[in-house]
Amino acid sequence: MMSRTVSSWILSSARNSIVLQRKGRLYSICIPNRQKIKWKLVFSKRLLYPAASCSLDSVFSLKKAFRHTSTEEEQFSFQLSPSQINDILRAGELSHKILDLNSKNTNSVLRFESNQLASNTPIEDRRSAATCLQTRGMMFGVFDGHAGSACAQAVSERLLHYIAVSLMSRQALEEIELAVECMKPVMPILQLHKHPNDVEYREITSQYFENLRVYWQHLLDLDIEPGFSLEEAMVSAFKRLDSDISLEVQAPQENELMRNLALQVAFSGATACVAHVDGVHLHVANAGDCRAILGVREEDGTWSTLPLTRDHNAFDEFEIRRLKREHPRSEEKTLFVNDRLLGILMPSRAFGDVQLKWSKELQHSVLENSCDAEALNIYQYVPPNYHTPPYLTAEPEVTYHKLRGKDKFLIIASDGLWEMLSNEQVVKLVAGHLTELNEQKPQLAFEKPVNLGYMHNLLLKRKNRGIASLDQNIATHLIRHAIGDNEYGEVDQEKLAAMLTLPEDLARMYRDDITVTVVYFNSETIENYYRNNE
């Protein structure tokens, strides 16, 4: 249980830990995390962005009035009112209900809710959600950046488009190519569902489009008909985007701004987990340690968890064996050091991170011909035993699941959530939240005649049952419990306030950026599918 000494305990543990600073990055050796000691690589918060793009410092970050900037400050206050806590937790909320224009309940997705909470400044996580206008399927992605947010930002903007293009028929690809050639408007490929504060690199959008066009021209040259399966499309899209990220930084750029951004994208990294839902068909493509799970309500009313991804890291036996197969036996003992790939990176699959994919000569050549790498926060470091790159891949593992009526929701989240809560805890929280919301909805059958006195009493009952204080967004509810739970699984307000006001140079030691998207399924639509296809 959290005591009143929480603030002094946090500060003393931080000031007594060993912190080394080198070339703009922090390496912290001893890091307490939920009563466990973990080795963690803590990246610098300093990263340059295009001058014309909107500032990321304010996007999903804690308000400066609530958050300290350094552990060296003389006065610390961990006091936040409930309304201030809610303001912080709810700043990144996004929710979207699927409109049923035909009133036939044809979409298996009922709604989705999402949220983010920053630990790094600015936040390095990203998310995406979109309806594919060609297949009518919906896509949801969570992207966990490291060594800055540039790679996660680029992948969040581009990957869903690459998947959508991979799924298009040859005729559709020919039509959009003809439109571009004739300089006519191109029909949208995706309908994006975005948060108002989502950032875009508008200065480089044209280059991203040109490289996407090169990709669909490549697909046309393949002359494959009827085209990729969904699994093949997702794998192709992941691999092609990662290849484009690598090639863009090697190619001549029009101006210094685009050159710098390409460098930042390639030399930072991002893991990715993307789900595609089309009717009862659910595909999840994962590269790295984001995670996707299903919440399943069994016939007896109990809830169970169905994992859809594996964490690609040094703790996964399949990944260890895969990397050993891909490299000489002489490197078996050096592939993973201190549970990290080459002693550097926790995930074993990711976009970007060309330091673990390129030869030493290529890295040196690219950085030598660029501007000041240190000013761009690019850390020039070749690990020991770097002999046979690439050591890292962005190729995803794709899982297929045919939705059933008892599959109620899908949760995709960055590892910041899973470090704090288990799969079972997350499903239990979502299920409990659903039950509580349903119980607290006022009955629609009013006494007649309805008068103001009756309505007033109804509102009082609703307020007394606690609906006013309940998170309406389930992603917010999960984040609140992830950082605020005590040993009994209850939110401790003092701990919650302390975790939200941790100084910027300390927050990353206690919690990671957290991004959560929860997708609710339309059970009636799914059950109708089986009734109609028996």
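The values are calculated or read from the model by the stated rules, or taken from the named source; none is laboratory data. Since we're looking at a predicted model, the values are computed, not measured. Cβ sites come from the backbone with ideal geometry, for glycine too, and all protein chains shown count toward neighbours. These accessible areas exclude ligands, DNA and RNA; they are computed on the full protein's heavy atoms, side chains included. Shrake-Rupley method; radii C 1.70, N 1.55, O 1.52, S 1.80 Å.
In this structure, does THR309 turn out to be buried (at least 21 other Cβ atoms within 10 Å of the Cβ), farther than 18 Å from SER268 by Cα and within 26 Å of the chain's Cα centre (by Cα)? Break it down into steps so the answer makes sense when it comes.
Working: buried (at least 21 other Cβ atoms within 10 Å of the Cβ): yes; farther than 18 Å from SER268 by Cα: yes; within 26 Å of the chain's Cα centre (by Cα): yes.
Taking the combined requirement at face value, the residue satisfies it.
Pull up region 482-534, narrow it to residues that are among the basic types (Lys, Arg) and surrounded by 16 or more Cβ atoms within 10 Å (Cβ to Cβ), then point me to the one that is farthest from ALA152 (Cα to Cα). Walk me through it before giving the result.
Going residue by residue through region 482-534, those that are among the basic types (Lys, Arg) are 495, 508, 511, 531.
Still in the list and also surrounded by 16 or more Cβ atoms within 10 Å (Cβ to Cβ): 495, 508, 511.
Working: LYS495: 30, ARG508: 18, ARG511: 19 Å.
Checking each candidate, the answer is LYS495.
Out of ASP125, ASP100, ASP144, which single residue is more than 27 Å from LEU222 (Cα to Cα) and at pLDDT below 95? Please lay out each step first, then the result.
Details: ASP125 fails: at pLDDT below 95; ASP144 fails: at pLDDT below 95.
Result of the check over ASP125, ASP100, ASP144: ASP100.
Scanning region 249-265 for residues that are assigned to a helix (DSSP H, G or I) and over 27 Å from ASN313 (Cβ atoms), which turns out most open to solvent (accessible area, probe 1.4 Å)?
Restricting attention to region 249-265, the residues satisfying the condition of being assigned to a helix (DSSP H, G or I) are 249-250, 256-265.
Those still in the list that are over 27 Å from ASN313 (Cβ atoms) too: 250, 256-262.
Values: GLN250: 80, GLU256: 120, LEU257: 68, MET258: 14, ARG259: 44, ASN260: 29, LEU261: 9, ALA262: 10 Å².
Selected residue: GLU256.
Just a yes or no: is a residue in region 266-289 farther than 15 Å from ARG349 by Cβ, within 23 Å of the chain's Cα centre (by Cα) and part of a helix (DSSP H, G or I)?
yes
Hey, among the residues in region 208-232 that are at pLDDT below 90 and out of contact with any Leu (no Cβ under 9 Å at 6 or more places or on another chain), which one's nearest to LEU282 (Cα to Cα)?
PRO226
Taking the condition out of contact with any helix residue (DSSP H, G or I) (no Cβ under 9 Å at 6 or more places or on another chain), under 30 Å from THR205 (Cβ atoms), of a type in the set (Ser, Thr, Tyr) and part of a helix (DSSP H, G or I), does SER243 pass?
Working: out of contact with any helix residue (DSSP H, G or I) (no Cβ under 9 Å at 6 or more places or on another chain): yes; under 30 Å from THR205 (Cβ atoms): yes; of a type in the set (Ser, Thr, Tyr): yes; part of a helix (DSSP H, G or I): yes.
In short, yes.
So for region 132-151 (the condition being within 23 Å of PHE521 (Cβ to Cβ) and free of Cβ contacts under 8 Å to residues at least 12 places away in the same chain), does at least one residue qualify?
Scanning region 132-151 turns up no residue that is within 23 Å of PHE521 (Cβ to Cβ) and free of Cβ contacts under 8 Å to residues at least 12 places away in the same chain.
Only one of (1) part of a helix (DSSP H, G or I); (2) hydroxyl-bearing (Ser, Thr, Tyr); (3) touching a Lys or Arg at 6+ places or on another chain (Cβ under 9 Å) fails for SER365. Which number is that?
Here SER365 clears every test but (3).
Here are the criteria: (1) in contact with a Phe, Trp or Tyr (Cβ under 7 Å, 6 or more places away or on another chain); (2) of a type in the set (S, T, N, Q); (3) open to solvent by less than 20 Å² (accessible area, probe 1.4 Å). Tell me which single one SER236 does not satisfy.
Result: SER236 passes all but (3).
Does region 292-307 contain at least one residue that is assigned to a helix (DSSP H, G or I) and either in contact with a helix residue (DSSP H, G or I) (Cβ under 7 Å, 6 or more places away or on another chain) or within 16 Å of SER156 (Cα to Cα) (or both)?
In the first step, residues of region 292-307 are kept if they are assigned to a helix (DSSP H, G or I); the result is none.
No, region 292-307 has no match at all.
Could you check, for region 280-298, whether at least one of its residues is crowded, with 16+ Cβ neighbours inside 10 Å, of a type in the set (A, V, I, L, M, F, W, C) and over 20 Å from LEU417 (Cα atoms)?
Yes, region 280-298 contains a residue that is crowded, with 16+ Cβ neighbours inside 10 Å, of a type in the set (A, V, I, L, M, F, W, C) and over 20 Å from LEU417 (Cα atoms).
Pairs under 7 Å by beta carbon, first residue over 23 Å from VAL165 (Cβ atoms) in region 241-261, partner of a type in the set (Asp, Glu), six or more apart or different chains?
If the second residue must be of a type in the set (Asp, Glu), the pairs left are LEU257/GLU203.
What tally of residues in region 322-350 results from selecting those that are open to solvent by 60 Å² or more (accessible area, probe 1.4 Å) and farther than 25 Å from GLY416 by Cβ?
Final tally of qualifying residues: 7.
Got a number for residues in region 159-181 being surrounded by 16 or more Cβ atoms within 10 Å (Cβ to Cβ) and assigned to a loop (DSSP other than H, G, I, E, B)?
Result for region 159-181: 1.
Within region 308-360, how many residues are in a loop (DSSP other than H, G, I, E, B) and touching a residue at least 12 places away in the same chain (Cβ under 8 Å)?
Start the filter on region 308-360 by keeping residues that are in a loop (DSSP other than H, G, I, E, B), which leaves 308-312, 314-316, 327-328, 332-335, 338-339, 342-344, 346, 348, 350, 353, 357-359.
Pick out the ones that are also touching a residue at least 12 places away in the same chain (Cβ under 8 Å) and you get 308-312, 314-316, 327-328, 334-335, 338-339, 342-344, 346, 348, 350, 353, 357-359.
Number satisfying all stated conditions: 24.
Scanning for something open to solvent by less than 30 Å² (accessible area, probe 1.4 Å) and more than 23 Å from GLY148 (Cβ to Cβ), does region 191-210 turn up at least one residue?
Checking region 191-210: at least one residue is open to solvent by less than 30 Å² (accessible area, probe 1.4 Å) and more than 23 Å from GLY148 (Cβ to Cβ).
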